[in-house]
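Enquirer: Supplied in structure tokens, the structure appears directly below.
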Amino acid sequence: MVTETQTTQIRIRVPARRMKKVQRMFDEMGTDVTGAVNMFLAQVERSGRLPFDVAVSEIPNATTRAAMHEVDEMVRNKTPGYASKGAFLNALKAK
């Protein structure tokens with residue numbers, strides 16, 4: 001049986017420059033890397049998710065935004081649709 005007082009050791013690789021910077025920041029906060037990692041893990045355990053949003057920049061990306069704009073223009077201008085998949089593919093080939 002695992003109890004609250006038992007611990008396990010983890011090892012992670014972190015760029016040295018980042019480590020120095022965050023160690024100074026944690027010192028100012030009155031904690032250390034171990035304390036910060038434990039806080040992070042406690043939040044994950046408590047909430048069942050990462051305690052911050054993870055996202056790729058520019059969602060939607062420029063290509064997707066352009067396509068969305070194109071569809072908006074088609075709707076606004078009442079551009080006719082295509083009668084079939086073949087008609088659509090022929091229109092694409094014509095471009």
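Just so you know, all these numbers are worked out from the coordinates, no wet-lab data involved. A quick note: this is a predicted structure, and the numbers were derived from the prediction, not measured. Note that we place each Cβ from the backbone using ideal geometry, even for glycine, and neighbour counts take in every protein chain shown.
Enquirer: Using only the Cα atoms of the chain, what do you get for the radius of gyration and for Dmax, in Å?
Expert: 26.2, 71
Enquirer: What are the GluC sites (Glu not before Pro) within the chain that DSSP puts in a loop, where the Cβ has at most 10 other Cβ atoms within 10 Å?
Expert: Answer by residue number: Glu4, Glu58.
Enquirer: Using a simple charge model, +1 on the beta-carbon of Lys and Arg, -1 on the beta-carbon of Asp and Glu, nothing else, what dipole does the chain show about its Cα centre, in debye to the nearest 20? Spell out each step's value before the answer.
Expert: Numbers: 15 positive and 10 negative charges, 109 e Å.
Result for the chain is approximately 520 debye, rounded to the nearest 20.
Enquirer: Which angle from 0 to 90°, rounded to the nearest 10, does the C-alpha axis of helix 62-76 make with the longest principal axis of the chain?
Expert: Compared with the principal axis, the helix lies near 40 degrees.
Enquirer: Right, here's the next one. With a cap of 14 neighbouring Cβ atoms within 10 Å, and only residues DSSP puts in a loop, list the trypsin sites (Lys or Arg not before Pro) found in the stretch 27-85.
Expert: Arg49, Lys78
Enquirer: Right, something else. Loop only per DSSP, at most 15 neighbouring Cβ atoms within 10 Å: give me the chymotrypsin sites (Phe, Trp or Tyr not before Pro) in the stretch 27-95, ordered by residue number.
Expert: Passing sites in the stretch 27-95 are Phe52, Tyr82.
Enquirer: OK, next. Starting from 0.36 nm per residue, how many nanometres of slack lie between Arg17 and Val56 once their C-alpha separation is accounted for?
Expert: 11.7 nm
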